[in-house]
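The values are calculated or read from the model by the stated rules, or taken from the named source; none is laboratory data. Values in this document were obtained by computation on a predicted structure and should not be read as measured data. Glycine gets a Cβ as well: all are built from the backbone with ideal geometry, and neighbour counts include every protein chain shown. Keep in mind that these areas ignore ligands, DNA and RNA; they rest on the heavy atoms of the full protein, side chains included. Shrake-Rupley method; radii C 1.70, N 1.55, O 1.52, S 1.80 Å.
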Amino acid sequence: MELKELESAIEGILFAAGDPVPAERICFALEQDRETVDNVCQSLADRYGYERRGIRLVKLENSWQMCSAPEYAPHIRKTLESRKPAKLSQPALEVLSIIAYFQPVTRAYIEQIRGVDSSYTVGLLLERDLICEAGRLSVPGRPMQFKTTKNFLRCFGLTSLEDLPELPSATQEGVQMTLELESAIERLQEAENQEQDADAPEEESL
């Protein structure tokens, strides 16, 4: 398959999928090796950005996704009559930060750090597909653990969890992490403010 044909095929796959597509699936469908697929996807992503196209190609861990350029979100919203998505509340950002930095974690661990019941906030983060269940902990009662999703990476403009802002020095065993998490929460809030113009319908505030 020639390069131009390969680029066109990948564009078609990602456009039709809408959601993130694992690179391995693209390799299987096009009978190409991983390095070739990643190189072609990165080349397309660079070209879209350089040419200031209305679409972007983003990498989310081991997957690729086609989405609209955030700077054109007002025009997209106006055309599709969508409203701006609501920001995350401070409690939601706190819970999300704890999960993002220490995943997988249980609800009990989150509540140990925050000092308040967090079941409602965890439930709403699940509904917004920012976190998901990550299996049960092998202790009495087998509590459910939670981790962030690919949608979390996309919403905050991250390629992988390695792109998270560095957390101030602290141990996971600490009873109080609120002060240490404040700066990380502020950075996540800044990231959300930059990315909230993505083409998504409005949801209720958490």
How many of the residues making up the range 111-129 are of a type outside the set (Asp, Glu) and under 20 Å from the mean Cα position of the chain (by Cα)? 7
Tell me, please, whether a residue that is touching a Pro at 6+ places or on another chain (Cβ under 9 Å) and either open to solvent by 10 Å² or more (accessible area, probe 1.4 Å) or more than 18 Å from Leu130 (Cβ to Cβ) (or both) can be found in the range 111-119. yes
Among the residues of the range 102-120, is any in a strand (DSSP E or B) and either of a type outside the set (Gly, Ala, Ser) or in contact with a strand residue (DSSP E or B) (Cβ under 7 Å, 6 or more places away or on another chain) (or both)? yes
Going through Ala100, Ala86, Ala73 one at a time, which residue ends up being over 30 Å from Ser8 (Cα atoms), modelled with pLDDT under 85 and among the aliphatic types (A, V, I, L, M)? Ala86
Within the range 83-104, can one find any residue that is more than 15 Å from Thr149 (Cβ to Cβ), free of Cβ contacts under 8 Å to residues at least 24 places away in the same chain and out of contact with any Ser or Thr (no Cβ under 6 Å at 6 or more places or on another chain)? no
Residue in the range 2-29 that is farthest from the chain's Cα centre (by Cα), counting only those that are touching a residue at least 12 places away in the same chain (Cβ under 8 Å), surrounded by 12 or more Cβ atoms within 10 Å (Cβ to Cβ) and farther than 15 Å from Met66 by Cβ: Leu6
If Glu133 meets every condition in (1) closer than 18 Å to Cys155 by Cβ; (2) at pLDDT 90 or above apart from one, which number is that one? (1)
Quick one: Pro20 ticks every box in (1) modelled with pLDDT of 90 or more; (2) in contact with a strand residue (DSSP E or B) (Cβ under 6 Å, 6 or more places away or on another chain) bar one, so which box is it? (1)
Consider the range 36-73. How many of its residues are without any contact (Cβ under 8 Å) to a residue 24 or more places away in the chain and hydrophobic (A, V, I, L, M, F, W, C)? 3
